[in-house]
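One structure below.
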Amino acid sequence: PLLSHSSMKEAVESVQGRVIRGDTVILSPGCSSFDEFRNFEERGQVFKQRVFHYDDAPVLHSVN
């Protein structure tokens, strides 16, 4: 399913309750988010930090 949220925190919290081990979650911003982050690198770092905050965090793989 496609989900849309107004903040990174809201998005990660929403996904945490929906995924099971082996699922893939893709961060796919629809546009720039200069209101919340300086650039795409900071946005990606915050995404990783929020996901790893959870005890049973999924394995993340970076795509360059």
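Observations
- Among residues of segment 19-34, those that are loosely packed, with under 10 Cβ neighbours inside 10 Å and farther than 19 Å from Phe52 by Cα, counted: 3
- Residue that is nearest to Gly17 (Cα to Cα) [pool: residues in segment 28-48 that are in a loop (DSSP other than H, G, I, E, B), of a type outside the set (Gly, Ala, Ser) and at pLDDT below 85]: Pro29
- Any hit, segment 11-18, residues being at negative phi, acidic (Asp, Glu) and open to solvent by less than 80 Å² (accessible area, probe 1.4 Å): no
- Residue ID - modelled with the highest pLDDT, chosen from residues in segment 49-64 that are surrounded by fewer than 14 Cβ atoms within 10 Å (Cβ to Cβ) and not in a loop (DSSP other than H, G, I, E, B): Gln49
The values are calculated or read from the model by the stated rules, or taken from the named source; none is laboratory data. Everything quoted here is computed from the prediction, not taken from an experiment. Neighbour counts run over all protein chains shown; Cβ positions are idealised from the backbone, glycine included. Heads up: the accessible areas ignore ligands, DNA and RNA and are worked out on the full protein's heavy atoms, side chains in. Shrake-Rupley method; radii C 1.70, N 1.55, O 1.52, S 1.80 Å.
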